[in-house]
Amino acid sequence: MLPSETRPTTGPMAVVRYAESAIPTARGRLKFLVYRAAAPGMSLASSASASSEFASSPAPSPALESVLEHVAIVVGDPAATPDRVLTRIHSECLTSEVFGSLKCDCKEQLDAALDQIAAEGHGVLIYLRQEGRGIGLGNKIRAYALQERGADTVDANHQLGFGSDDRSYDVAAAILCDLGIRGVRLLTNNPEKVQGLATSGIRVVERLPVQIAANLHSASYLRVKRDRMGHLLESDTDFDADRTSRLVGLAGEARELSK
Ligand SMILES: [Zn+2]
């Protein structure tokens, strides 16, 4: 039998709660839980048994290439109101979150969601390792190269042989199950995320929009997300690139970068 901290949870898709610790952050002390799930095409059973084999070792070393490590950031005690937990399910975006890319609104959505959850005092942010809407970093950059030659974000993915959005949310649902959460107030503009959670057994009792003003570089991307991917972005006027770049205070910076 696996030790409790590495026992796969039951639920729509097995995940392993692998590690947890509180970390002081600018938003206060947040609890970070790391979950392991099978990488695409791999079996979690192999990584779970690897955890078991190494359980007595001070440094467990399951086959890392077979798993993805996802993060749940827990604020307060969400299990106290398990039917309506303020929740953000966020997919990794290295380019914006680490390097400040202005091509998308991911970092701003991440920051806004964390601010809102921290302000409420209870909630969960699940950070899924599915870069580039699920196609990975290298393919995302390949798609950007196609966009430089005129394709939009959907067509670029199609030209590379991918769907417009290859993300899935069954891992997120499994993590929510493990946390004892049955229903969420979901911070998202993406109806597919609502649907994905619902089909995995998590009730979305409310959808809360995360509206980020576009900048000069993200305006066309956000317009495509609205018009071709069904994202619920509320204000047409926010897609005026010149106006919105002023709105977010990036006008000078964005113009410099676009020269
Ligand atoms: Zn992004």
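The values are calculated or read from the model by the stated rules, or taken from the named source; none is laboratory data. Note that the coordinates shown come from a computational prediction; the quantities given were computed from them, not determined experimentally. We place every Cβ from the backbone using ideal geometry, glycine too, and count neighbours over all the protein chains shown.
For Thr153, the requirement of being over 29 Å from Leu33 (Cβ atoms) and touching a residue at least 12 places away in the same chain (Cβ under 8 Å) is met.
When each of Ser56, Ser66, Ser43, Ser47 is tested for being at pLDDT below 90, polar (S, T, N, Q), more than 29 Å from Gly163 (Cβ to Cβ) and more than 16 Å from the ligand (Cβ to nearest atom), the lone residue that passes is Ser56.
Surrounded by fewer than 18 Cβ atoms within 10 Å (Cβ to Cβ), at pLDDT below 80 and acidic (Asp, Glu), is that true of Asp242?
Judged against the criteria, Asp242 is a match.
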